[in-house]
Amino acid sequence: MRLKEEAQLTPEQNTQEEKAYLARKESITESLTLTLDSYVSQFNNIPSRINKRKTEMIVAIIVFTIITVIDGFLTFLLSTPEGVVLVLAWEIWAACIFLYIASWKLGFKMVEKIFEFNIQNETLSFQKYKEKYNVYTLRDEQRYCKDKINETKTKISELSNLQYPASLAVYADYSYMEKRADTYTFDWFRDNQILCYIIMGVLFVIFIN
């Protein structure tokens with residue numbers, strides 16, 4: 001006896017399946033739209049993050065310059081004939097030590113901020129450093145977001161053209177993947193703090209002698 005073939009879906013069942021498919025498709029489309037919005041938001045935020053690095057660099061240069069000028073002026077005063085009297089005051093020594101330490105630390109900070117901005121911005125003269133230490137920069141993040149925006153838009157377009165019963169699995173599995181630039185790109189002063197302080201101390205001893 002011939003086996004009975006598997007029964008076909010009735011029109012009512014077929015309609016229900018198609019409605020469920022369309023509902024699922026709409027839900028995935030909404031999810032992809034949210035993913036697109038996330039990439040667009042991240043992409044649009046990158047210029048302000050680069051500008052923030054630039055502002056920090058400029059501020060560090062200005063503050064270092066001001067402290068260095070004040071330190072230089074005080075050093076000049078001490079080198080004048082009248083400076084002999086000033087040397088006897090402990091307040092002057094305290095000010096000298098403070099300005100000396102501050103100028104060094106601000107100098108470190110200035111160099112660090114210069115490197116951080118130019119590496120993140122992928123300034124041409126800093127490209128070798130980026131490649132040598134495999135730094136993932138803000139410009140890398142910007143390109144990544146741009147690629148993901150285009151990719152997500154393509155997914156949404158493809159999904160809108162799908163007809164029942166085409167598979168939705170590949171679109172359902174697609175989600176936002178955050179990828180951020182490296183926070184610290186120049187760690188030399190952090191990694192060599194002891195050496196930096198030793199150099200500061202030796203130079204100060206040479207200076208007062």
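The values are calculated or read from the model by the stated rules, or taken from the named source; none is laboratory data. Computed from a predicted structure; not experimentally measured. Methodologically, a virtual Cβ is constructed for each residue, glycine included, from the backbone with ideal geometry; neighbour enumeration extends over all protein chains shown. For accessibility, only protein heavy atoms count, side chains too; no ligands or nucleic acids. Shrake-Rupley method; radii C 1.70, N 1.55, O 1.52, S 1.80 Å.
Remarks
- Surrounding net charge for residue 147, when Lys and Arg each add one and Asp and Glu each subtract one, Cβ distance under 12 Å: +2
- Accessible surface of residue 137, taken over heavy atoms with a 1.4 Å probe and every protein chain present, rounds to 0 Å².
- Distance between modelled label sites at residue 51 and residue 150, nm, 7 Å Cα→Cβ extension: 2.6 nm
- Accessible surface for residue 93 stands near 110 Å², nearest 10, in the context of the full protein assembly shown (1.4 Å probe).
- Treating r as the C-beta distance of residue 79 and residue 59 and R0 as 35 Å, the FRET efficiency rounds to 0.70.
- What the Cα atoms of the range 55-156 give is an Rg and a Dmax of 22.7, 79 Å.
- Each residue of the range 143-156 was assigned a 3J(HN,Hα) from its phi angle through the Karplus expression (A = 6.51, B = -1.76, C = 1.60, θ = phi - 60°), giving 5, 4, 4, 4, 5, 5, 4, 5, 5, 5, 4, 5, 4, 5 Hz with x at Gly and Pro.
- The range 22-72, accessible surface, carbon-and-sulfur percent (1.4 angstrom probe): 65 percent
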